[in-house]
Amino acid sequence: MSPRLAFRPVTRETADDFVALFEAPGGPKYCWCMVWRISKEEGRNTPGKARKPFMLKRIASGMPVGLVGYLDDTPRAWVSIAPKNTYERLGGPAEGPNDTVWSLACMFVHKSLRGQGLAHELIAAAIDHARRAGATIVEAYPVAESAPSYRFMGFVSAFERAGFHFVEMAGIRRHVMRLIIA
């Protein structure tokens, strides 16, 4: 049985936990979860590891960026869930006039907890968080399990299990999938 994580939104109050998770050995400090968020200006000649200040600026401004998963009060997982319009480089269908789309763009689990089915827990926490924030649709961009890249976006089968439906392809690997939650 997989461990149960407690989730908290990344805010000014939890930013240190977010940083600790990303800077821990094996953490995703190479990107700071800015791949889909970064503006053209921020991205110019800025390697992944130098993107930390861009993410911290978003957190300090109160912009939703995602959830940290805790095991025994220690940050051990991350799920990027935020309004779609905060991801400047993310493709996929546009919002309808009555839709509020949130995007689940990335997941990370500390290596000591991998292989225990926690992706399902991260997806469920992201859906719940988006629903409470007023989202009507959660959009995700997973890949097939055989894909050599974009694996941090999750696998199609995990999103199908959560009730997401295929909408279209974004490039040759990413599947745009949606779940209506309102």
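All of the numbers you see were taken from the coordinates with simple rules; none came from a lab. A quick note: this is a predicted structure, and the numbers were derived from the prediction, not measured. As a convention, Cβ positions derive from the backbone with ideal geometry for all residues, glycine included, and neighbour counts pool all protein chains shown.
Name the residues in the range 80-121 that are assigned to a helix (DSSP H, G or I), of a type in the set (A, V, I, L, M) and in contact (Cβ under 8 Å) with a residue 60 or more places away in the chain, would you? Those that are assigned to a helix (DSSP H, G or I), of a type in the set (A, V, I, L, M) and in contact (Cβ under 8 Å) with a residue 60 or more places away in the chain: LEU113, LEU118.
Taken as a whole, the structure leaves VAL167 outside the set of residues that are touching an Asp or Glu at 6+ places or on another chain (Cβ under 6 Å), in contact (Cβ under 8 Å) with a residue 60 or more places away in the chain and aliphatic (A, V, I, L, M). As a summary of the residue check, VAL19 satisfies the conditions (1) in contact with a helix residue (DSSP H, G or I) (Cβ under 9 Å, 6 or more places away or on another chain); (2) surrounded by fewer than 19 Cβ atoms within 10 Å (Cβ to Cβ); (3) part of a helix (DSSP H, G or I); (4) of a type in the set (A, V, I, L, M, F, W, C) except for the one numbered (2). Of the residues contained in the range 93-102, one or more are found to be touching a Pro at 6+ places or on another chain (Cβ under 7 Å), among the aromatic types (Phe, Trp, Tyr) and within 19 Å of ALA170 (Cβ to Cβ). The set of residues in the range 91-123 that are out of contact with any Phe, Trp or Tyr (no Cβ under 9 Å at 6 or more places or on another chain), among the small types (Gly, Ala, Ser) and either crowded, with 19+ Cβ neighbours inside 10 Å or farther than 14 Å from PHE155 by Cα (or both) comprises ALA94, GLY96, SER112. A count restricted to the range 124-161 and to residues that are surrounded by 15 or more Cβ atoms within 10 Å (Cβ to Cβ), out of contact with any Leu (no Cβ under 7 Å at 6 or more places or on another chain) and small (Gly, Ala, Ser) stands at 5. Out of PRO28, PRO3, one residue alone is in contact (Cβ under 8 Å) with a residue 24 or more places away in the chain, part of a loop (DSSP other than H, G, I, E, B) and closer than 22 Å to GLU88 by Cα. It is PRO28.
Can you tell me which residue among ARG178, ARG151, ARG131 is basic (Lys, Arg) and more than 16 Å from VAL79 (Cβ to Cβ)? Please lay out each step first, then the result.
Values: ARG151 fails: more than 16 Å from VAL79 (Cβ to Cβ); ARG131 fails: more than 16 Å from VAL79 (Cβ to Cβ).
Every option except ARG178 fails the conditions.
Does any residue of the range 38-51 turn out to be assigned to a loop (DSSP other than H, G, I, E, B) and in contact with a strand residue (DSSP E or B) (Cβ under 7 Å, 6 or more places away or on another chain)?
Keep residues of the range 38-51 that are assigned to a loop (DSSP other than H, G, I, E, B), which gives 38-39, 44-47.
Checking which are in contact with a strand residue (DSSP E or B) (Cβ under 7 Å, 6 or more places away or on another chain) leaves us with none.
No, there is no match, as no residue in the range 38-51 is assigned to a loop (DSSP other than H, G, I, E, B) and in contact with a strand residue (DSSP E or B) (Cβ under 7 Å, 6 or more places away or on another chain).
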